[in-house]
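Enquirer: Right, I'll just put the structure down here and ask away after.
Where a number appears in this text, it was derived from the coordinates with a stated rule and is not lab data. Keep in mind that this is a model prediction, so the values were computed, not measured. A quick note on method: Cβ atoms are made from the backbone with ideal geometry, for glycine too, and the neighbour counts reach across all protein chains shown.
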Amino acid sequence: MKIGSLVDAMAAVSRVATEDFVPDALLRRLCEVAATTLDVDGAGVMAADGTRARFVHADGPLVRRVEMLQGLLRQGPSMDSGCPRR
């Protein structure tokens, strides 16, 4: 990844954070920036709501299915990292 790409990515996320702040919009933009800037196959994000994680955004259909499956099964990396143990 080039430094210029990282700077552009952070600027894009910062613009969303300084507008009418909506947490899901910021998470969505962060996900989009991660998918296009980093050397990854895809990116998705879930947000913790108390004891559950809820789907926010994914950059493609495959990642979306994986994120939704985590929510359905209530297990996986998103669940492990953001929700209290069941």
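Enquirer: Hey, what angle do you get for helix 61-73 against the long axis of the chain, alpha-carbon based, 0 to 90 degrees rounded to 10?
Expert: 30
Enquirer: Between 0 and 90 degrees, rounded to the nearest ten: what's the tilt of helix 23-37 against the longest Cα principal axis of the chain?
Expert: Helix 23-37 and the main axis of the chain meet at about 70 degrees.
Enquirer: Here is a further query. For the pair Arg64 and Phe21, what calculated FRET efficiency results from E = 1/(1 + (r/R0)^6), where r is the Cβ-Cβ distance and R0 = 25 Å, to the nearest 0.05? Please report the intermediate quantities before stating the final value.
Expert: Details: r = 25 Å, r/R0 = 0.99.
Efficiency for this residue pair is about 0.50.
Enquirer: Send over the semi-axes of the chain's equivalent ellipsoid, whole angstrom and largest first, taken as the square roots of 5 times the C-alpha gyration tensor eigenvalues. Could you put the intermediate results ahead of the total?
Expert: Numbers: eigenvalues 120, 50, 21 Å².
They are 24, 16, 10 Å, listed from largest to smallest.
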